[in-house]
């Protein structure tokens, strides 16, 4: 599921570059917004949604990979692992991600609450025809999250959560290669576009390096 679309050329005689103008990119959540949603879910006792939200932030996975996670992908021996690796559906390449303590606690509480086994989907669907939460269901849940803290749900999508931690890592380190690995991108150019890195950002980082 893409988080942007291509704007077609409005004029047959317009500049060629306008044919591929990127618009509608969904913004990441800010740290205070992450905590606002997290606290609301904790207060309301929404254990599944808390596990889903925390895992979405930490894993930085595409929605199709997130909703298809099985218990065995993140836990073993009755404990949630600090790090795990999955194979991405889109690229067929493995990607590794970390799970913070608060995420491990939320996921473990959800697993125990439901009595899941290793082969069970971590986020089963309530619709009998779907074995696990669909990306569409996940997107609807996300819109409820952002609306609950006063944000416009039309401005946010599932890629907002995928981008949230990655954007913070980039802002704090300027390390595009690290973000590329964490997002599972095959090309650095994809990471640059995904984060919306501008020329000014690149120059600012370059100015900080002396040789």
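The values are calculated or read from the model by the stated rules, or taken from the named source; none is laboratory data. This is a predicted model, so every value here is computed, not measured. When we count neighbours, we look across all protein chains shown, and the Cβ atoms used for this are built from the backbone with ideal geometry, even at glycine.
List, please: which pairs have Cβ atoms under 8 Å, are six or more places apart or on different chains, and start with a residue in segment 24-42 that is surrounded by fewer than 13 Cβ atoms within 10 Å (Cβ to Cβ) and end with one that is not in a helix (DSSP H, G or I)?
As it stands, the answer is 24/3; 24/4; 24/5, since those pairs meet every condition given.
Quick one: in segment 46-70, which of the residues that are modelled with pLDDT of 95 or more and not in a helix (DSSP H, G or I) is surrounded by the fewest Cβ atoms within 10 Å (Cβ to Cβ)?
46
Can you tell me which of 104, 112 is touching a strand residue (DSSP E or B) at 6+ places or on another chain (Cβ under 6 Å) and either without any contact (Cβ under 8 Å) to a residue 60 or more places away in the chain or surrounded by fewer than 14 Cβ atoms within 10 Å (Cβ to Cβ) (or both)?
Within the list 104, 112, the selection yields 104.
Quick one: in segment 141-158, of everything that is surrounded by fewer than 21 Cβ atoms within 10 Å (Cβ to Cβ) and in contact (Cβ under 8 Å) with a residue 24 or more places away in the chain, which residue is nearest to residue 66 (Cα to Cα)?
The selected residue is 141.
Sort through 193, 177 and tell me the only one that's at negative phi, at pLDDT 80 or above, loosely packed, with under 15 Cβ neighbours inside 10 Å and in a helix (DSSP H, G or I).
Answer to the selection: 177.
Just the residues that are in contact (Cβ under 8 Å) with a residue 24 or more places away in the chain, over 17 Å from residue 181 (Cβ atoms) and either surrounded by fewer than 18 Cβ atoms within 10 Å (Cβ to Cβ) or within 17 Å of the chain's Cα centre (by Cα) (or both), please, taken from segment 79-89.
79, 89
Which condition number in (1) crowded, with 17+ Cβ neighbours inside 10 Å; (2) out of contact with any strand residue (DSSP E or B) (no Cβ under 8 Å at 6 or more places or on another chain); (3) modelled with pLDDT under 85; (4) assigned to a helix (DSSP H, G or I) is the one that residue 138 fails?
Every listed condition holds for residue 138 apart from (3).
Quick check on segment 121-131. Is at least one of its residues modelled with pLDDT of 95 or more, part of a loop (DSSP other than H, G, I, E, B) and within 18 Å of residue 41 (Cβ to Cβ)?
yes
Within segment 146-167, work out how many residues are assigned to a helix (DSSP H, G or I) and more than 22 Å from residue 196 (Cβ to Cβ).
2
Against the definition (loosely packed, with under 14 Cβ neighbours inside 10 Å and in contact with a strand residue (DSSP E or B) (Cβ under 9 Å, 6 or more places away or on another chain)), how does residue 93 come out, yes or no?
yes
Which of the residues spanning segment 71-108 are within 17 Å of residue 122 (Cβ to Cβ) and assigned to a helix (DSSP H, G or I)?
71, 72, 73, 74, 102, 103, 104, 105, 106, 107, 108
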